[in-house]
Amino acid sequence: MFDYLNNENISLTAHPKCLYKKVCDNKDIGILMTKEELEKVCHLELTKSPLEITKNITFLGEIPQRNDFEIREFIGKCGKKDEMIDDAVLDDSALVYKSEKGLFIITGCSHSGICNIMEYAKEICKENKIYGAIGGFHLFDVNDRLMKTIQYLKENSVELLYPCHCVSLEAKIQMGKKLNIREVGVGVEINI
């Protein structure tokens, strides 16, 4: 099915639940390939635990809750075969780049919360300085969660913020009032 992807030099690191069946609003939203199909085209490393990819890049695995304002929400159902349960999207992880200026976070959608991710990255990498972040921050409404996130990012002096998908315009506007958020889009070059 995916013969054109055959490259034994490719490694794919992911949370094991990324291969589970996922359904939301009666639509299949999961991955199209099975574990067996993926293993034919790449070296597959499934882990809930953090994993050092290179000297400066770490896969965080499953992100634990580290604060009281970013509570995971359930999105659809997930499971194996007929054992479907509410999906807390535990497979949504992040990468951490260890730069000379501090940690730079690369997120998926941040279902666990961008601040939870940053706190866990500090713990795993044994580094207190968060230099920046790019990706989804899972912020849609102007509410207490957004305000506490802004406060956290300010208190941690996060210099570079590139909120992408999973961040509403209203949330970006509120963030821009107090934080140095940057533009992201096609053709934009970012050097860390």
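Values in this text are rule-based calculations from the coordinates and carry no lab data. Values in this document were obtained by computation on a predicted structure and should not be read as measured data. Backbone-built Cβ (ideal geometry, glycine too); neighbour counts: all protein chains shown.
Are there trypsin sites (Lys or Arg not before Pro) in the stretch 38-100 that DSSP marks as loop and that have at most 10 other Cβ atoms within 10 Å, and which are they? Qualifying residues, ordered by number: K55, K81. Compared with the dominant principal axis of the Cα atoms in the chain, helix 144-155 is inclined by about 70°.
The gain in end-to-end length when the N9 to S49 segment is fully stretched comes to 12.1 nm, 0.36 nm per residue minus the alpha carbon separation.
Across the stretch 157-168, computed HN-Hα scalar couplings (Karplus, 6.51 cos²θ - 1.76 cosθ + 1.60, θ = phi - 60°) run 6, 6, 7, 10, 10, 10, x, 10, 4, 6, 9, 6 Hz from first to last residue, x flagging Gly and Pro. Going toward the positive end of the dipole of the chain, with +1 on Lys and Arg Cβ and -1 on Asp and Glu Cβ, which of C125, L32, G76 do you reach last? Toward the positive end, the furthest listed residue is C125. Any idea how far the Cα center of the stretch 8-45 sits from the one of the stretch 142-156, in Å? After rounding, the separation between the Cα centres reads 33 Å.
Taking every DSSP helix (H) stretch of at least 4 residues in the chain, weighting each as -39,500 (n - 2.57) and dividing the sum by the residue count yields a mean residue ellipticity at 222 nm of -6500 deg cm²/dmol. Taking a sphere under 12 Å around the Cβ of S112 and counting the other residues whose Cβ falls inside, with K and R at +1 and D and E at -1, yields a net charge of -4.
Rounded to the nearest 10 degrees, the inclination of helix 114-125 to the longest alpha-carbon principal axis of the chain is 80 degrees. Using the Cα coordinates of the stretch 48-178, the gyration tensor eigenvalues translate into equivalent-ellipsoid semi-axes of 23, 20, 11 Å, sorted from longest to shortest. Helix 169-178 and the longest principal axis of the Cα set of the chain meet at an angle near 40°. Extension gain, E73 to D25, is 15.8 nm, computed as 0.36 nm per intervening residue step minus the present C-alpha separation. Out of the stretch 84-192, which GluC sites (Glu not before Pro) are coil in DSSP terms and have no more than 14 other C-beta atoms within 10 Å? For GluC sites (Glu not before Pro) across the stretch 84-192 that sit outside H, G, I, E and B with at most 14 neighbouring Cβ atoms in 10 Å, the list reads E100, E183, E189. Within the stretch 125-192, list the trypsin sites (Lys or Arg not before Pro) lying in a DSSP loop whose Cβ has at most 16 other Cβ atoms in a 10 Å radius. Here the sparse-neighbourhood loop sites are K126, K129, R182.
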